[in-house]
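Peer 1: Quick one: the structure is below, questions incoming.
Taken together, the values in this text are just the output of simple stated rules run on the coordinates, not laboratory data. Everything numeric in this text was worked out from a predicted model, so none of it was measured. All Cβ positions, even for glycine, are placed from backbone atoms using ideal geometry, and neighbour counts span all protein chains on display.
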Amino acid sequence: MASCAASQTSFLLQRSASSSYAPASSSLFLAARSSSPLPSLHLSSASTASFPLRAAEGRKGECGSMACAASSTELVVEKPVETREQPVITKEEGLMLFEDMVLGRSFEDMCAQMYYRGKMFGFVHLYNGQEAVSTGFIKYLKEGDYVCSTYRDHVHALSKGVSARAVMSELFGKATGVCRGQGGSMHMFSKEHGLLGGFAFIGEGIPVALGAAFKTKYEKEVLKNDKADAVTVAFFGDGTCNNGQFFECLNMAALWKLPIIFVVENNLWAIGMSHYRSTSDPEIWKKGPAFGMPGVHVDGMDVLKVREVALESIARARRGEGPTLVECETYRFRGHSLADPDELRKPAEKAHYAARDPIVALKNYLLEHKLADEAELKSIQKKIDDLVEDAVDFADASPLPPRSQLLENVFADPKGFGIGPDGKYRCEDPSFTAGTAQV
């Protein structure tokens, strides 16, 4: 330890192989030690034993840049395991979480049906299995906060408040969609809801999220707007975490102490490459301390554990204490997209994670703690089924975008390109698309 630089920050995760939804005070304790006071995160409920241990074990004698070996007493004081009978959430909060997760799952299941029936075109990437991440973070944001998504963005949009009708219509390519049919599956955007977009290329959305966080910082410190306290959450996958934008944005966020949370939805497989084969150090959360911000690993199949990390990191960002990197280890139940036969993953692996379904886990928690009964949960499921069916009917009956919309939202001022001398869009002239395929 003597050779480790005093300015370096050492992080140690202590976890217990407790049952799902362990008491909040016992199973995860993250401590930060630094000569420059970096606020410590005291987070509970780490992953269960089914996930690889995220501790600095086995590194005695090593002194990497941010993973200096140390005795546990130098970094953390273990808390005794406590048994707490009281649930960590209220009934109202539990039902809110359950409803949002069920909405995400039911919506995506319906998307699969509609895709195979020819109602959707192009690539469609579903979110099944990862609902605890979206719900656990987004439902604890304020109205003015921002979310930046990926190509797996339908459920992020729903959690942020975009209506099921608007999302389904967008997937159908209809004029009533959230982007009037011009965005499709991978490019949901809603200024009204603070949804900064879905992005098809990995890492593409992280700089956009960084810009939104910088905007908040600028408004507060330069324009002296005391009400500017928006928090930005950037979602991306494990396949993004070796991209240049990821590292550049971590550096800038830490340098300027921006109010942003980097949420890695580590579903272990990127597209078709195992996470453990594609990166030199699969523990993504360690990359946070390397840039001077807390790095946290959490069980992304457990909405209550994600919730606890979200509450702490959101509050930290809103207090002006800077960014956090959160690795949510989760799993997608379907292939990379609906065009993916999903032949690379072993059936035993898929069965293992299917048995840890986050919605089933929350349902069992609500029942065991008497926060809800079967009738209430079935009522929520029926409500969501009706909502999704209505969204399909609405999207199916909605009109296609007019041809005059082709050049809208392409240029800030389309005059001289999209608009002819008569003031009308050139695309309305039959000769404009002569010789091209009819849409």
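Peer 1: Starting from the exponent 0.38 and prefactor 2.2 Å, build the expected Rg for the stretch 275-345 from its residue count and divide its actual Cα Rg by it.
Peer 2: On the way: Rg = 15.2 Å, N = 71, 2.2 N^0.38 = 11.1 Å.
Its radius of gyration relative to the 2.2 N^0.38 Å reference: 1.37.
Peer 1: Can you tell me the Rg and Dmax of the stretch 147-269, counting just the alpha carbons, in angstroms?
Peer 2: Considering the stretch 147-269 through its Cα atoms, Rg and Dmax are 15.1, 44 Å.
Peer 1: A further question follows. Quick one: order F214, F121, F236, F246 by neighbouring beta-carbon count within 10 Å, fewest to most.
Peer 2: The fewest-first ordering by Cβ neighbours comes to F121, F214, F246, F236.
Peer 1: Can you list residues from other chains, or at least 5 along the same chain, whose modelled amide H is less than 5 Å from the amide H of T330?
Peer 2: Those qualifying (amide H under 5 Å, at least 5 residues apart or on another chain) are N266, N267, L268, G300.
Peer 1: What lysines does K227 reach when the alpha-carbon gap must be under 17 Å and sequence neighbours fewer than 8 apart in one chain are set aside?
Peer 2: Cα-Cα hits under 17 Å: K142, K215, K217.
Peer 1: Under a plain spin-label model, where a point goes 7 Å from the Cα along Cα-to-Cβ, how far apart in nm are S404 and K424?
Peer 2: According to this spin-label approximation, the distance is 0.9 nm.
Peer 1: Continuing with this model, one more query. As an exercise, identify the trypsin sites (Lys or Arg not before Pro) in the stretch 367-408 lying in DSSP coil whose Cβ has no more than 10 other Cβ atoms within 10 Å.
Peer 2: Counting only loop positions with at most 10 other Cβ atoms within 10 Å, the trypsin sites (Lys or Arg not before Pro) in the stretch 367-408 are K370.
Peer 1: Explain nothing, just the number: relative contact order of the stretch 91-397, from Cα pairs under 8 Å at least 6 residues apart, as a whole percent. Working shown, then result.
Peer 2: Details: 595 pairs, mean separation 70.3, N = 307.
Once divided by the residue count of the stretch 91-397, the mean separation gives 23 percent.
Peer 1: With θ set to phi - 60°, apply the Karplus curve 6.51 cos²θ - 1.76 cosθ + 1.60 along the stretch 232-248 and write out the HN-Hα couplings as whole Hz, x wherever there is a Gly or Pro.
Peer 2: Taking θ as phi minus 60°, the curve returns 10, 10, 9, 9, 6, x, 4, x, 7, 6, 10, 8, x, 4, 4, 5, 4 Hz for the stretch 232-248.
Peer 1: While we're here: Report the net charge of residues surrounding D390, where surrounding means a beta-carbon distance below 12 angstrom and charges are Lys +1, Arg +1, Asp -1, Glu -1.
Peer 2: Its environment carries a net charge of -3.
Peer 1: Please state the shape class of the stretch 91-397: rounded when a/c is under 1.5, otherwise prolate if a/b exceeds b/c and oblate if not, all from the C-alpha gyration tensor.
Peer 2: It is rounded, given that a/c, with a ≥ b ≥ c, falls under 1.5.
Peer 1: So, one more: Going by how many other Cβ atoms sit within 10 Å of their own, how do D302, D281 line up, fewest first?
Peer 2: Values: D302 26, D281 10.
Ordered by Cβ neighbours within 10 Å, fewest first: D281, D302.
Peer 1: Tabulate in residue order the Karplus-calculated ³J(HN,Hα) for the stretch 337-349, using 6.51 cos²θ - 1.76 cosθ + 1.60 with θ = phi - 60°, rounded to whole Hz; enter x for Gly and Pro.
Peer 2: For the stretch 337-349, the Karplus-derived couplings read 9, 6, 8, 8, x, 6, 9, 8, 8, 6, x, 5, 5 Hz, x marking Gly and Pro.
Peer 1: Also: Using Cβ counts within 10 Å as a stand-in for footprinting exposure, how do T176, T90 rank, fewest first?
Peer 2: Working: T176 18, T90 10.
Neighbour counts put them in this order, fewest first: T90, T176.
Peer 1: For E368 and A315, what is the calculated FRET efficiency with R₀ set at 35 Å and r taken between the beta-carbons, to the nearest 0.05?
Peer 2: Given R0 = 35 Å and the Cβ-Cβ separation, E is 0.80.
Peer 1: Among K139/K346; K139/K191; K305/K378; K191/K382; K91/K350, which pairs are too far apart, with a Cα-Cα distance over 28 Å?
Peer 2: K139/K346; K191/K382; K91/K350
Peer 1: Excluding R307 itself, what net charge comes from residues whose Cβ is under 11 Å from its Cβ, given Lys and Arg +1 and Asp and Glu -1?
Peer 2: Local charge sum for R307: -2.
Peer 1: Here's another thing I want to ask about it. Which GluC sites (Glu not before Pro) in the stretch 342-408 pass both tests, a DSSP loop state and at most 15 other beta-carbon atoms within 10 Å?
Peer 2: Those that pass, being in a loop and sparsely packed, are E343, E408.
Peer 1: Starting from the stretch 226-328, pick out the trypsin sites (Lys or Arg not before Pro) whose DSSP state is loop and whose Cβ has at most 12 other Cβ atoms within 10 Å.
Peer 2: Hits after loop and neighbour filter: K227, R319.
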